[in-house]
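Please read the structure below before turning to the comments.
The values are calculated or read from the model by the stated rules, or taken from the named source; none is laboratory data. Computed from a predicted structure; not experimentally measured. Cβ coordinates were reconstructed from backbone atoms using ideal geometry, including for glycine residues, and neighbour counts include every protein chain displayed.
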Amino acid sequence: MRRCLLLVLQILVLHAFAGTPDNPSQQQANQLLEQSVTLAEQFSPGDHVYFLYTLTSAAVDIAPKSKREQWCTQMFRLASQMEPSWNRVAQQKNALICLSKMNATLAMKRFDEVDLPQPDEDGEFPEDLRASAAFTIFQNYWNVAGISGLPTIEDRANHIGDTGEYPYKAMGQIIAAMGKDSSTAATRKALFEKAIGYYNNPKPRPFRNRNAQFLKLLQATRPPIVDKGVFRDALRIFYQQIFSETTKDVDYAEEVNDIVFLDRRRAFLFHAFDMINTVDPLWARELQHQYKELTKATGKIEVISASAIHQDVTPEQAQYLHYKLSQETLPEKIQEKIDAHDIAGANLLATRLTDDHAHILGVAKLLPSLAQTNPTTAERLYAAERTRLQALTDEIERVQALVALAQGAYHVGKQDEFSDLSKSAFSDALRLFTNDSRQRPQLHIQVRQGYTELKDIVVFGVAHDLAWILPNITDLQDVQLKADLLVAAAQGVVQQKP
């Protein structure tokens, strides 16, 4: 019976790739999504929710709007059937963010149905997830309703503030969207003062990100968006709040403008200093006298890395973890530079790579553009990173490096190595995933070792015509993984070049 079902799925997948004359890639991708949806019907409500999150995140450029709205609504319903927990709130939030992109009015209407904050698995409150969701949900609703929707937005913001942490960042965005016209000045001021009131409330708040979120409010609402005097008062309150802790966070590290901060409070002040200098130059000079690093807090503020360690570790362990986190941040920073067409900046960041794993990932980011401008150099760098791979002993890091090198091989024109490295990456990632599934079956598949790497190699491999990938997916024993990788294959299909 199982062999028959497997054969049916293989036929369906091959038929999906056969396509039709009318927009074949889109039709192929949609058929793959529908196959994954059919597989997911047998999942438990909790597993189904996580699948729907994968599905809705990937389907933006594939499935029709009506279908995506249906999936988002289903996701919210199933999430609300989960046991009360951080994950339940997170998935409710994810469902409504998804829904707001199709039906902003309905998402806003259902926002109050999201559970009150729950602690994470460590008993902590890193953030109020509703405040995080509000950034997208409020903006999408504003785009539809405009100023007439402001009472509803304010009502939801106050509810979140009364039952958790006020959505400072989200409301900063809304205040800024009202512009600088005098006709809305009083309203902008009132909203800003309301936010200050929640922030300055002496009632203890457990959410770790409240200072960071209030800083986002300040950055979005600089005068003349709000009154200069009220803004100055808010900066004073921010300063008092961040320094209300008498001890620094010794397990915090942030590198910004070539300065490394080990004290979160002083890093916050550095980010706020330009605003302080604008509205209160005398106070700014006093602060510069007290904190010498503020002389560099001018012009563009560029964060290279930031990390906070909330577990008990020795100073030596903390130092090593910050180093690793800093190195792991660099490849994505390199990609950001490339996306901004700042190739010189990307190359400069690459010179900071000293960890072998991060070095391979970072240099691989440079190869697509470099192969177009200087193919000889691109091939030389690729070869050097292939050699560097031998130094990696950590299994997860090695698989991640294999994925990056497989993509690099494609960009430098080494098709045989692209296929071979992709096969190795798929095989090794699947082995990691299978072992982790056996050892930690309680974890959802999306957080198991090897999962992300499997998705990455499927998307890239299908997009670049590796014919062996789909048969490998149909042969998988894990139905949940199979469903998710069919979604990844659909993403690869729509990325294929005609």
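Could we say that L481 is of a type outside the set (K, R), assigned to a loop (DSSP other than H, G, I, E, B) and farther than 23 Å from L361 by Cα here?
no
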Of residues in the stretch 127-152 being among the aliphatic types (A, V, I, L, M) and without any contact (Cβ under 8 Å) to a residue 40 or more places away in the chain, the one nearest to A107 (Cα to Cα): A134
Can you pull out the residues in the stretch 276-324 that are surrounded by 16 or more Cβ atoms within 10 Å (Cβ to Cβ) and of a type in the set (A, V, I, L, M, F, W, C)? I276, V279, A284, L287, L294, A297, I304, A306, I309, A318, L321
I need the full set of residues from the stretch 207-229 which are touching a Gly at 6+ places or on another chain (Cβ under 9 Å) and at pLDDT below 95, in order please. F207
If I filter the stretch 255-266 for residues that are over 28 Å from F231 (Cα atoms), among the acidic types (D, E), crowded, with 18+ Cβ neighbours inside 10 Å and in contact (Cβ under 8 Å) with a residue 12 or more places away in the chain, do I get at least one hit? no
Consider the stretch 433-455. How many of its residues are within 20 Å of the chain's Cα centre (by Cα) and in a helix (DSSP H, G or I)? 8
Out of the stretch 185-205, which residues are surrounded by 14 or more Cβ atoms within 10 Å (Cβ to Cβ) and assigned to a loop (DSSP other than H, G, I, E, B)? N200, R205
Assess whether R130 counts as being of a type in the set (K, R), within 16 Å of L191 (Cα to Cα) and assigned to a helix (DSSP H, G or I). no
One residue is enough: does the stretch 251-263 have a residue meeting the conditions at pLDDT 95 or above and of a type in the set (S, T, N, Q)? no
Mind telling me which of the residues I147, I174 ends up being crowded, with 16+ Cβ neighbours inside 10 Å and either part of a helix (DSSP H, G or I) or on the phi < 0 side of the Ramachandran plot (or both)? I174
Conditions first: (1) surrounded by 15 or more Cβ atoms within 10 Å (Cβ to Cβ); (2) more than 21 Å from D456 (Cβ to Cβ). L367 passes all but one, so which condition is the exception? (2)
For the stretch 400-432, what are the residues that are of a type in the set (S, T, N, Q) and over 24 Å from the mean Cα position of the chain (by Cα)? Q415, S419, S422, S424, S427
When the residues of the stretch 269-317 are narrowed to those that are more than 30 Å from E121 (Cα to Cα) and of a type in the set (V, I, T), which ends up modelled with the lowest pLDDT? T298
Taking A234, is it touching a Phe, Trp or Tyr at 6+ places or on another chain (Cβ under 8 Å), farther than 20 Å from A284 by Cα and touching a residue at least 24 places away in the same chain (Cβ under 8 Å)? no
What about V458, is it buried (at least 24 other Cβ atoms within 10 Å of the Cβ), within 16 Å of A404 (Cβ to Cβ), of a type outside the set (D, E, K, R) and under 22 Å from the mean Cα position of the chain (by Cα)? yes
Filtering the stretch 121-132 for residues that are more than 16 Å from the chain's Cα centre (by Cα) and either loosely packed, with under 14 Cβ neighbours inside 10 Å or among the hydroxyl-bearing types (S, T, Y) (or both) leaves a count of 4
Being within 22 Å of A107 (Cα to Cα) and of a type in the set (A, V, I, L, M, F, W, C) is the requirement here; does I196 meet it? no
Go through T152, T136 for me and flag whichever is at negative phi, modelled with pLDDT of 95 or more and under 18 Å from the mean Cα position of the chain (by Cα). T136
Can you find a residue that is farther than 17 Å from G164 by Cα, in a helix (DSSP H, G or I) and either without any contact (Cβ under 8 Å) to a residue 60 or more places away in the chain or not hydroxyl-bearing (S, T, Y) (or both) anywhere in the stretch 81-94? yes
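Considering only residues that are surrounded by fewer than 20 Cβ atoms within 10 Å (Cβ to Cβ) and assigned to a helix (DSSP H, G or I), which ones fall in the stretch 408-418?
As a first pass, look at the stretch 408-418 and keep what is surrounded by fewer than 20 Cβ atoms within 10 Å (Cβ to Cβ): 413-417.
Residues satisfying the conditions are Q415, D416, E417.
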Within the stretch 27-39, identify whether any single residue is at pLDDT 95 or above, in contact with a Phe, Trp or Tyr (Cβ under 6 Å, 6 or more places away or on another chain) and assigned to a helix (DSSP H, G or I), and answer yes or no. no
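Could you list, in sequence order, the residues of the stretch 174-212 that are of a type in the set (F, W, Y) and touching a residue at least 40 places away in the same chain (Cβ under 8 Å)?
Within the stretch 174-212, F192, Y199, F207 meet the criteria.
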Given (1) in a loop (DSSP other than H, G, I, E, B); (2) at pLDDT 95 or above; (3) under 30 Å from E121 (Cβ atoms), number of the condition L466 does not satisfy: (3)
